[in-house]
Every structure is written in structure tokens, then in C-alpha cells.
Amino acid sequence: MTRNPYRTEKIAFFFLFLATLLIVVPVGLIVVIIIQKGLPAINWQFISDMPRNGMRSGGIFPAIAGTVYLVLGAVIFALPIGVLAAIYLSEYARENLLTRIIKLAIVNLAGVPSVVYGLFGLALFVVFFKFGASILSGSLTLGIMILPIIITASREAMESVPQTFREVSLSLGASKWQTIRHIVLPNAIPGIITGTILGIGRAAGETAPILFTVAAFYLPRLPKSIFDQVMALPYHLYVISTQVPNVEEKIRYGTALVLLAMVLITNLAAIVIRYKFRKKKKW
Amino acid sequence: MVKNNPIKFSIKNLNAWFGSLHVLKAINLEIYANEILSIIGPANSGKSTFLRTLNRLNELYPGFKMTGSVFYGGEDIQKIEAEVLRKRVGTVFALPLPLPLSIADNVAYGAKIHGIKDKKKLEEITEESLKKAFLWEEVKDRLNESAFKLSGGQQQRLCIARTLAVKPEVILFDEPCSGLDPISTAKVEETMFVLKREYTIVLVTNNVKQAARVGDKTAFFLSGELIEFDITEKIFTAPSDQRTDGYIRGEFG
């Protein structure tokens with residue numbers, strides 16, 4: 001029997017297409033089911049009110065606010081450190097053993113399971129530094145978790161700035177720092193923003209790192225300082241799904257929808273920003 | 001013998017390596033003020049490396065090593081801060097390399113780096129530099145456009161203007177016309193002629209005719225060695241080394 005290249009081509013195409021479709025289907029299903037089941041719960045009161053009746057009615061405002069505080073805290077901590085580290089790695093570090101160890105550490109940091117970050121945050125911030133279970137501890141823990149994302153994205157953005165620009169700047173008598181400040185950083189900003197927003201999405205969605213460091217089971221008021229506990233969306237979702245009996249399905253799915261929307265909107269923002277800058281890119 | 005201008009660069013027994021590759025071998029050479037020195041030679045003969053040694057640009061590459069000394073105005077360049085040296089000794093690269101800025105900001109970049117903040121002053125420097133590079137008339141109405149919108153020849157003259165704006169004393173041209181058409185090349189050469197009244201120029205070129213047209217002195221490099229150095233007319237009419245003769249007549253390249 002001779003092989004028919006036309007038929008094998010068709011078979012190959014079929015399986016490749018099938019595999020691709022298999023990726024898209026679950027994403028679509030998740031979004032559709034959560035919207036379908038959660039949308040009836042969404043109204044102004046649900047988003048802006050305190051939870052009532054043992055979280056069985058009322059709103060989820062403290063959890064939304066808590067998640068926003070935690071994410072902001074994580075970014076305030078991780079963005080400067082991440083960008084400075086990325087500048088060092090991209091512009092100053094020489095290719096030697098120490099640099100390789102640092103790069104390896106960053107890659108590994110990205111692969112650490114999030115619950116391990118939670119335990120680490122508990123040991124270091126809550127217990128050792130005596131910050132207690134607080135916004136500060138939770139933000140720092142989330143910040144460490146998103147550091148590798150920010151460092152990697154920023155480093156790649158800086159390394160994609162052509163070497164010739166640096167050479168031109170230095171040949172005009174600029175110092176290395178002036179070159180970074182005026183040439184490298186301005187052209188790396190879109191990449192840095194994209195990395196940061198991806199980090200925000202990750203930090204907003206994680207439960208394990210905040211479990212031991214900040215998240216409150218039930219706290220129907222807003223925090224007064226960074227040493228207070230807060231509710232947070234992912235943990236709240238876990239609580240009303242497994243710990244509190246008789247919570248209406250639409251409230252659970254409504255909470256999931258709000259969380260999903262927050263993460264998707266930040267990711268969308270990253271895509272829009274990248275697209276805008278790419279169109280403006282001048283080389 | 002023609003009367004020589006004052007010495008700008010004095011190179012003594014310069015050797016350079018990239019890793020284990022010996023790229024410059026025992027170079028001794030003097031570069032005189034307000035002259036154009038053309039450096040010719042086939043590819044990989046060490047011309048560009050030599051040029052980049054003069055303002056310490058080679059140091060940016062890992063594995064670069066040199067021995068011997070280069071004196072600039074009597075001072076060892078290794079003792080001058082790299083930023084100060086590069087401000088005085090500017091470079092125009094082989095390909096037009098505008099920075100991702102507007103036309104005006106490209107020219108003003110160096111001046112800003114060196115601490116000039118006054119807007120009026122920056123505008124003056126920009127205009128003056130663009131005029132010296134014979135580009136002003138072509139761009140004066142579009143100074144805020146991206147420099148990447150200019151043609152290749154215009155971009156190269158923009159790069160010359162950018163180098164002039166930091167007010168250097170020496171300009172190093174590293175095959176500045178290798179990517180340009182004949183008309184743009186003629187404009188760049190014309191610019192160099194005018195510039196040598198105020199500046200010292202070192203021109204690396206793989207175009208022998210260009211060296212003959214613009215150079216006061218010519219140096220011939222081959223495999224990292226300086227084979228011959230003399231006034232241009234002498235090199236092109238009665239070279240003392242057979243290899244020089246062979247190269248300028250196009251027997252190898």
C-alpha cells in the first residue's frame with residue numbers, strides 16, 4: 001500500500017486542530033458557566049454592601065476592597081525591587097557563577113507552589129517580624145510571589161532594546177546610568193507594565209499565600225491600618241463554598257464572577273497596553 | 001615634506017586582543033590635528049578595532065584586552081574618564097543609528113546628557129549642528145518627527161549632527177558610507193571636508209577611492225599590522241610597500 005501524502009496531511013491537520021480546540025473549550029466553558037450562574041447575583045448592592053446573615057446574603061465589598069489593598073501592597077513592594085534587580089541583571093551583571101545562580105534562583109522562585117509562599121510568609125512576616133496576620137504580611141508574601149514575574153518581564157524588555165542604542169549613547173559620552181535612564185528604561189516600559197499587570201492578575205487570584213498571612217474568615221468592615229486583617233475574594237470564595245452551609249449558589253458564582261472579571265480585566269489591560277506601545281514602536 | 005599640524009593622538013606599540021585573537025599588532029602612529037586620516041585595508045584587518053580603541057569603545061565588549069599606550073593631547077587615555085574622553089572624541093558608526101527619539105531630540109541628546117538644560121540653548125545647538133551637517137534645510141520643518149522617518153543618507157547626516165552637538169575635538173568615522181548611495185556619500189564627504197577645519201577626523205573606509213578623495217594622510221592596515229602610513233598622495237602614487245600597492249590597485253581586498 002502506498003502512502004497518500006494528501007490523506008496523512010488531512011489526518012495531521014485534524015489532530016493538531018483538535019488539540020488546539022481542546023485548549024479553547026474549557027476556557028470558554030468556565031467563562032460561560034460562571035457568567036450564567038453568577039450574573040443573577042450581580043447588582044450594585046452585591047458589589048458595594050457588607051456581607052450579612054453569616055455571609056448568606058448582602059454583598060462582598062470588604063472582600064473586593066481587601067483584594068485591591070493586597071494587590072496594591074504587593075505591587076508597591078515588588079515593582080521597585082523587581083525593576084532594580086532587572087536593571088542589574090540586564091545591564092550590569094557579568095556572565096559568571098553568581099549571576100547564573102541568581103538567574104536560577106529567579107526561575108525556581110517562579111516555580112515554588114503558592115502554599116509554600118503562604119507558609120514562608122507566616123514564618124517570616126507574621127511570626128518572626130511580628131507583623132501578625134495583616135495586610136502588610138499578606139502584601140509582602142504576594143509581593144515575593146510576583147517578583148519573578150516582574151523581574152523576568154522587565155529583564156526581557158530591557159534586553160530587547162537594541163545594543164546599538166546603548167553604544168550610540170555611550171559614544172556620545174553618556175555614562176552607563178544615563179544610558180539606562182534615558183534610552184533603555186523608556187523603551188522597556190511597555191514590557192515592565194505588561195509584566196506588572198500579569199503579576200497583579202496572579203496576586204489577585206491566589207488563595208494559599210494569603211491563607212495564613214492576612215485573610216479573615218468573616219470581617220464585615222474595612223481595615224483601618226496595614227496591620228489589620230482583611231477579607232479577600234479568593235479566600236472568601238473558598239469559605240462560602242466549603243465552610244458555610246446553605247449559601248445560595250448564585251452568591252458563590254457571583255463572587256467567582258467578580259474575581260474572574262477583575263483578573264481578566266487586568267490581563268486585558270496588559271494586552272491593550274502592549275498593543276498600543278507596539279504600534280508606536282519606532283525601530 | 002609638508003609642515004605638520006600639532007599631534008592629537010599618539011599611539012605607541014598598541015596591541016589588542018579579542019579573547020585569544022590578536023587583532024592589532026604593535027601599532028605606532030601619530031594623528032595630527034585638523035587633518036583627515038584615512039585608514040584603509042581589507043575586511044578583518046583591524047581598522048575598526050583601532051578606531052574604537054581611540055575613544056575606548058572596545059571596552060564595552062567582553063574579552064577585549066590591550067597593551068601599549070594611546071596618548072590624547074599628551075595624556076594617557078586610560079587615565080581619562082571614559083565619558084570625558086568620548087565627549088571629546090565622537091564616533092559616527094557604519095550604519096545610520098538614530099536613537100528612538102525625534103529628529104531634534106536625537107541631536108540634542110548629547111548636549112542634554114552633558115548638563116545643558118536651557119531650552120533656548122538646546123535649540124540653538126540643534127540648529128547649528130544640523131546646519132554643519134548640511135541637514136538643516138531638509139528637516140527644519142519636521143524636527144519633531146521620528147528620526148526613523150528620514151532616508152538612510154539623511155539619518156547618517158543626523159548622526160553626524162548628533163556627534164557635533166556635544167562639541168567634540170575629534171570625530172571618528174567608521175565606514176560611514178558603507179550603507180549609502182553615491183549621492184548621499186558625496187554629501188557626507190563634503191561634510192567631512194568642511195568639518196576638518198574645526199575638527200580632527202579619522203576615517204575608516206573600505207572604499208579606496210574615498211580615502212584618496214578625502215584623506216590628508218592614509219594608513220594601510222593588513223591583518224592587524226600597520227603596513228604603511230604617509231601623506232595620501234604618496235600612498236597612492238608611490239607606495240613604498242608592495243602590499244599597499246597591490247591593495248590600492250585592487251589586486252586583493
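The values are calculated or read from the model by the stated rules, or taken from the named source; none is laboratory data. From a predicted model like this one, the values you see are computed outputs, not experimental measurements. Neighbour counts run over all protein chains shown; Cβ positions are idealised from the backbone, glycine included. Side chains included, ligands, DNA and RNA excluded: accessible areas come from the protein's heavy atoms. Shrake-Rupley method; radii C 1.70, N 1.55, O 1.52, S 1.80 Å.
Here the condition is being of a type outside the set (Val, Ile, Thr) and part of a loop (DSSP other than H, G, I, E, B); of B:LEU122, B:LEU95, it holds for B:LEU95 alone. Consider B:LYS112 against the criteria (1) in contact (Cβ under 8 Å) with a residue 12 or more places away in the chain; (2) out of contact with any strand residue (DSSP E or B) (no Cβ under 9 Å at 6 or more places or on another chain); (3) within 11 Å of chain A (Cβ to nearest Cβ): it satisfies all of them except one. Which criterion is unmet? Tallying (1) in contact (Cβ under 8 Å) with a residue 12 or more places away in the chain; (2) out of contact with any strand residue (DSSP E or B) (no Cβ under 9 Å at 6 or more places or on another chain); (3) within 11 Å of chain A (Cβ to nearest Cβ), B:LYS112 fails exactly one: (1).
Where helices (runs of 4 or more DSSP H) sit wholly within segment B:143-239, those with at least 3 residues that are touching a residue at least 40 places away in the same chain (Cβ under 8 Å) and either open to solvent by 50 Å² or more (accessible area, probe 1.4 Å) or under 16 Å from B:SER129 (Cα atoms) (or both) occupy B:152-164, B:182-195. Annotation: of all residues in segment A:256-283 being within 14 Å of another protein chain (Cβ to nearest Cβ) and outside any loop (DSSP other than H, G, I, E, B), the one that is surrounded by the fewest Cβ atoms within 10 Å (Cβ to Cβ) is A:LYS279. Flag: A:LEU39 matches the condition of being within 30 Å of A:ARG221 (Cα to Cα) and at pLDDT 90 or above. Contact map, segment B:76-103: residues that are more than 9 Å from chain A (Cβ to nearest Cβ) paired with residues that are surrounded by fewer than 19 Cβ atoms within 10 Å (Cβ to Cβ) and among the basic types (Lys, Arg), Cβ distance under 8 Å, separation 6+ or inter-chain. Pairs shown: B:ILE103/B:ARG142. Summed over segment A:116-175, residues that are under 21 Å from the mean Cα position of the chain (by Cα), more than 23 Å from A:VAL230 (Cβ to Cβ) and not β-branched (Val, Ile, Thr) total 7.
In segment A:119-145, the residues that are on the phi > 0 side of the Ramachandran plot form Cβ pairs under 9 Å with partners that are crowded, with 20+ Cβ neighbours inside 10 Å and assigned to a helix (DSSP H, G or I), at six or more places apart or across chains, as follows: A:GLY132/A:PHE125; A:GLY132/A:VAL126. Put simply, of A:PRO186, A:PRO190 the only residue that is within 14 Å of chain B (Cβ to nearest Cβ) and modelled with pLDDT under 90 is A:PRO190. Scoring B:ALA33 on the criteria (1) in contact with a Lys or Arg (Cβ under 9 Å, 6 or more places away or on another chain); (2) over 27 Å from B:PHE252 (Cα atoms); (3) surrounded by fewer than 15 Cβ atoms within 10 Å (Cβ to Cβ) leaves a single failure, condition (3).
Selection within segment B:47-79: residues that are polar (S, T, N, Q) and open to solvent by 40 Å² or more (accessible area, probe 1.4 Å). The member of this set that is nearest to the chain's Cα centre (by Cα) is B:GLN78. Of all residue pairs spaced 6 or more apart or on separate chains, those with beta-carbon atoms under 8 Å, a first member in segment A:100-115 that is within 20 Å of A:ALA208 (Cβ to Cβ) and a second member that is open to solvent by less than 60 Å² (accessible area, probe 1.4 Å) and outside any helix (DSSP H, G or I) are A:SER114/A:GLU206; A:SER114/A:THR207. Scanning segment B:80-117 for residues that are touching a Gly at 6+ places or on another chain (Cβ under 6 Å) and surrounded by 16 or more Cβ atoms within 10 Å (Cβ to Cβ) gives B:GLU83, B:ARG86, B:LYS87, B:PRO96. In summary, B:GLY179 fulfils each of the numbered conditions (1) within 14 Å of chain A (Cβ to nearest Cβ); (2) on the phi < 0 side of the Ramachandran plot; (3) at pLDDT 90 or above with the single exception of condition (3). May I ask you to list the residues in segment B:1-32 that are closer than 21 Å to B:GLU233 by Cα and touching a strand residue (DSSP E or B) at 6+ places or on another chain (Cβ under 8 Å)? Answer for segment B:1-32, where residues must be closer than 21 Å to B:GLU233 by Cα and touching a strand residue (DSSP E or B) at 6+ places or on another chain (Cβ under 8 Å): B:VAL2, B:ASN4, B:ASN5, B:PRO6, B:ILE7, B:ASN28, B:LEU29, B:GLU30, B:ILE31, B:TYR32. One residue stands out in segment A:21-77 among those that are among the β-branched types (Val, Ile, Thr) and part of a loop (DSSP other than H, G, I, E, B): the one that is nearest to A:PHE227 (Cα to Cα), namely A:ILE60.
The residues of segment A:93-115 that are farther than 30 Å from A:PHE227 by Cβ, open to solvent by 40 Å² or more (accessible area, probe 1.4 Å) and not in a helix (DSSP H, G or I), listed by number, are A:ARG94, A:GLU95, A:ASN96.
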